[in-house]
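Working notes, structure below.
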Amino acid sequence: MKNIHTLLFSSVLLLAACSQGIQTTDQETALKDSTLTSSVPVTDTALTAKMTVAPVAMLNDSISFTFTVYNQTDSARTFCKWHTPFEGLMSKYLDVRDEAGNEVDYKGAMAKRMMPPPADSYITVNKGDSLTVTTDLKKGYAIQKPGKYSIKYNSSEMSGLVVTDSISLTVK
């Protein structure tokens, strides 16, 4: 009987240690509650991002890729720079595909991280402001032949950024 109690206690302790805690602010909780109970639209509190690239690039040249984060809310907001161009090529944050749908190989670094992200992993964007970073797409992705390519951001869950569009590029 003593072993059953010990086993049960250990199991409960293990499950509690493995569960992920999610912290939300009072404003986020109120926003979530009001969205569930009200048919009146609420103000969006998310940071959005937009990707741009020249529509045509030459195979032997660099491919300038721009990523801009916008804060169109009424207060300063933060996002995690992990899995964004703001930390450089430390992860595969884009899905780059050729016109046949084949994924282009990622050749950049793949950082291993401890969770949760430390405070210095977050960037603040003031209300009504934006931040922009530009990088060379070819430094992280093996674009080695002419053709049409589609680029889609794949790390919204990590960064907290909303990127709804994908972009395309023709390489000659």
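Taking 25 Å as R0, compute the FRET efficiency from the Cβ-Cβ separation of Glu157 and Glu99 and round it to 0.05. Given R0 = 25 Å and the Cβ-Cβ separation, E is 0.35. Near Asn71, once Lys and Arg are set to +1 and Asp and Glu to -1 for all other residues with Cβ below 10 Å from its Cβ, the sum equals 0.
Across every direction, the projection of the convex hull enclosing the Cα atoms of the range 57-97 has a mean area of 4.3 nm². For Leu94, the shell of other residues with beta-carbons less than 14 Å away shows a net charge of 0, using +1 for Lys and Arg and -1 for Asp and Glu.
For the range 44-171, what is the Kirkwood hydrodynamic radius in Å, using each pair of distinct C-alpha atoms?
Final number for the Kirkwood radius of the range 44-171 is 15.3 Å.
Other residues lying with their Cβ under 11 Å from the Cβ of Ile123 contribute a combined charge of 0, Lys and Arg counting +1, Asp and Glu -1. How far, in nm, would the chain grow between Thr68 and Ala109 when pulled straight, counting 0.36 nm per residue and subtracting the alpha carbon separation? Here the segment from Thr68 to Ala109 would lengthen by 12.6 nm.
Our estimate of slack between Thr124 and Asp61, defined as 0.36 nm per intervening residue step minus the Cα-Cα distance, is 19.4 nm. Sites listed here are trypsin sites (Lys or Arg not before Pro) in the range 86-132 whose DSSP assignment is loop and whose Cβ has at most 11 other Cβ atoms within 10 Å: Lys112, Lys127.
A short reminder: the numbers here are calculations on the coordinates, not readings from a lab. Worth saying up front: this structure is predicted, and the values here are computed from it rather than measured. Reconstructed Cβ throughout: ideal geometry from the backbone, glycine too, with neighbour counts over all protein chains shown.
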